[in-house]
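One structure is given below, encoded as structure tokens.
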Amino acid sequence: TFAVTLQVPAVATSGTYLNTTSTVTGMVGAESIVGAGTSDSLLVAELTFTKEFIDAPTVAGGTAILRFTISNASPTASATGILFTDNLNATLLGLTTPGALPTDPCGAGSALVGPSLLILTGGNLGPTESCTFDVTVQVPGGAAPGDYLNTTSNLGAMIDGSSVALPPASD
């Protein structure tokens, strides 16, 4: 195993770039062997997407604050049509949002609906802008003690007319 550091050009546009190797060849004793090549994708994105429970741990029947942050580091391009989902019930059956959800959480016209399946649609961030919003979640009274991993869908957006998908955020 070895690692190679790559320099991404400053002019690289957002997107997923597939990198594929050739086959690997070698000798085992006096016998020649050939192994299949491999590939992986490099995601170049001006967007970042994180989430965290900012007041964990909590108790069964209690509440916790779930914070989402989306940032657009591009100095020139806007990110539009930002969307993701977060199925709270997939984390813990009965996990829900007990109160009002933020209005325009990621720019004018964006919407967050719930209560057990959170859906953000219509997010818009100009160059170098970010949005951070909090959602109060109610832990079911009968929840067993333990760690529960909460993971969103991929974050989708448009940047300069190109569709971008970022990996899910988890905490």
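The values are calculated or read from the model by the stated rules, or taken from the named source; none is laboratory data. This is a predicted model, so every value here is computed, not measured. Neighbour counts run over all protein chains shown; Cβ positions are idealised from the backbone, glycine included. Heads up: the accessible areas ignore ligands, DNA and RNA and are worked out on the full protein's heavy atoms, side chains in. Shrake-Rupley method; radii C 1.70, N 1.55, O 1.52, S 1.80 Å.
Which is farthest toward the positive dipole end of the chain among 8, 159, 50, measuring Cα position about the Cα centre, with Cβ charges +1 (Lys, Arg) and -1 (Asp, Glu)?
Of the listed residues, the answer is 159.
Using a Gaussian network for the chain with springs between C-alpha atoms less than 10 Å apart, which of these wobbles most: 111, 30, 56?
Looking only at 111, 30, 56, the biggest GNM fluctuation is shown by 30.
Highest first, please rank the peptides 19-25, 101-107, 68-74, 125-131 by the mean number of other Cβ atoms sitting within 10 Å of their residues.
So the order, starting with the most tightly packed, is 68-74, 101-107, 125-131, 19-25.
Taking every pair of Cα atoms in segment 4-116, average 1/r, invert it to obtain the Kirkwood radius, and report Rg/Rh to two decimals.
We get a ratio of 1.18 for segment 4-116.
Rounded to the nearest whole Å², what accessible area per residue is found for segment 71-171 with the 1.4 Å probe?
47 Å²
Between residue 17 and residue 121, what length comes free when the chain is fully extended (0.36 nm per residue of separation minus the Cα-Cα distance, one decimal in nm)?
34.8 nm
Using only alpha carbon pairs under 8 Å that are at least six residues apart, calculate the relative contact order of segment 130-171 and give it in whole percent.
33 percent
Hey, any idea what % of the chain's accessible area is carbon plus sulfur with a 1.4 Å probe?
Result for the chain: 57 percent of the exposed heavy-atom area is carbon or sulfur.
For the chain, calculate the relative contact order in percent as a whole number, restricting contacts to Cα pairs under 8 Å that are 6 or more residues apart.
Reported relative contact order: 24 percent.
With springs only between Cα atoms under 10 Å, which of 94, 114, 146 fluctuates most in a Gaussian network model of the chain?
Between 94, 114, 146, it is 146 that shows the largest mean-square fluctuation.
Express the relative contact order of segment 94-171 as a whole percentage, based on alpha carbon pairs under 8 Å and six or more residues apart in sequence.
Normalised by residue count, the contact order of segment 94-171 is 24 percent.
Please state the charge dipole magnitude for the chain, taken about the Cα centre, from unit charges on C-beta atoms (+1 on K and R, -1 on D and E), reported in debye and rounded to the nearest 20.
Charge dipole of the chain: 120 debye, to the nearest 20.
Under 5 Å between amide H atoms, partner at least 5 residues away or on a different chain: which partners does residue 150 have, H built in plane at 1.01 Å?
171
Once amide H atoms are built 1.01 Å from N in the peptide plane, which residues 5 or more positions from residue 78, or in another chain, come under 5 Å H to H?
HN-HN under 5 Å from residue 78: 160.
Using only DSSP helix segments of four residues or longer, with each worth -39500 (n - 2.57), what per-residue ellipticity at 222 nm results for the chain after dividing by its residue count and rounding to 500?
It lands at -500 deg cm²/dmol.
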